[in-house]
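Have a look at the structure below before the remarks.
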Amino acid sequence: MSNFIKTTEQDSHFRNIEKMSTSEMLTNINTEDQKVALAVQNEIPVISAVVDKITDQLKNGGRLFYIGAGTSGRLGILDASECPPTFGVDQNMVIGLIAGGDAAIRIAVENAEDNKSQAIQDLQRHRIDQNDVVIGVAASGTTPYVIGGLKDCQEQGITTACVTCNQNSPVSEFADFPIEVVVGPEFITGSSRMKAGTAQKMVLNMISTAVMVKLGRVKDNKMVDMQLSNEKLIQRGSRMISEELKLDLSTSEKLLKKHGSVRKAIDNETHK
């Protein structure tokens, strides 16, 4: 694209970083980080449209896929992996895929992101179809794995979106819903794990949270479908029941353990 400027690779606003004091360095990083939320705010209209589309697709049995490489791929996997314990949904409703496979979550896989045909192969293992939505996560907007995946999905009539930190990047060309959060140059030139990574995590959190709320997975402001996987969450669930039903914590905990979820405990006791 002739008007594509890769701001994620532009020179940092700061020079001689290695000569800064610890306090000066951290203050400057924090100053840069404060720009991220405002950049995300500019994209809320597109994010809103993405949320509504995903919600409709999931209500009809579809799934949400994130595809990415490196930091972007890891952020997609992080967001996807947190949906089942937080909202009690099936682990196959939101799926994160990273170039190079699961091994690349911890250790970079050489040249994995450069394979344009790998993403669709990874998606086909999950029997992807037109009910699904695929979001490509790529800070630069030039990752071949993501571009190729979205292009192949579009050709098959599958809804696509992207989360990138450059305007008019190649990945946006193949996204029905391009989310372009322009955060500007990084504190360390080209280190897109910083502001760009923060922006991507914020957007993915917004998307998955809003979708789950619209799917009825939150009551008032509470995670009533969360998995009770540890003592902290059992105590949190007990407090939710106690507040909702005006019961003491001991009784609430017994109800929670009896019914297995906050929602079921509240619904069963309310409809007695």
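By the count of other C-beta atoms within 10 Å, a proxy for reagent exposure, 259, 13 are ordered fewest to most as 13, 259. In this structure, the residue pairs whose Cα-Cα separation is over 30 Å, taken from 53/222; 201/222; 6/116; 53/257; 151/222, are 53/257; 151/222.
Comparing Cα centroids, the range 84-155 and the range 224-272 end up 36 angstrom apart.
Please quote Rg/Rh for the chain to two decimal places, taking the Kirkwood radius as Rh and restricting both calculations to Cα atoms.
Details: Rg = 20.9 Å, Rh = 20.1 Å.
Ratio of gyration radius to Kirkwood radius for the chain: 1.04.
Using θ = phi - 60° in the Karplus curve 6.51 cos²θ - 1.76 cosθ + 1.60, the 3J(HN,Hα) couplings for the range 247-252 round to 10, 6, 5, 5, 5, 5 Hz; x is entered for Gly and Pro. Sparsely packed loop sites in the range 85-166 (the GluC sites (Glu not before Pro) outside DSSP H, G, I, E and B with at most 16 other Cβ atoms within 10 Å) comprise 110.
Compared with the dominant principal axis of the Cα atoms in the chain, helix 231-245 is inclined by about 60°. For the chain, the longest principal axis of the alpha carbon atoms and the long axis of helix 44-59 meet at an angle near 50°.
Across 193, 236, 106, mean-square fluctuation computed from a Gaussian network of the chain (C-alpha pairs under 10 Å connected) peaks at 106. Which cross-chain or sequence-distant (5 or more) residues have an amide H under 5 Å from the amide H of residue 162, H modelled 1.01 Å from N in plane? For residue 162, whose amide H was placed from the backbone, the distant partners under 5 Å are 136, 177, 179.
What order do you get for 153, 162 when you list them from fewest to most C-beta neighbours inside 10 Å?
Working: 153 26, 162 29.
Result, fewest neighbours first: 153, 162.
Shape of the range 231-270 from its Cα gyration tensor (a ≥ b ≥ c, root eigenvalues): rounded if a/c is under 1.5, otherwise prolate when a/b > b/c, or oblate?
oblate
Averaging the sequence gap over all C-alpha pairs within less than 8 Å and six or more residues apart, then dividing by the number of residues, gives the chain a relative contact order of 23 percent.
Work the Kirkwood hydrodynamic radius out for the range 37-157: mean of 1/r over every pair of different alpha-carbon atoms, inverted, in Å.
On the way: mean 1/r = 0.0677 Å⁻¹.
This gives a value of 14.8 Å.
Helix 195-214 versus the longest principal axis of the chain: what angle, 0 to 90°, nearest 10, using Cα atoms? It works out to around 30 degrees. For residue 95, the residues whose modelled amide H falls within less than 5 Å of its own, excluding neighbours fewer than 5 places apart on the same chain, are 64, 65, 66.
Every number in this text was worked out from the coordinates using simple rules, so none of it is lab data. Not measured: the values here are computed from a predicted model. Every residue, glycine as well, gets a Cβ built from its backbone with ideal geometry; the counts of neighbours run over all protein chains shown.
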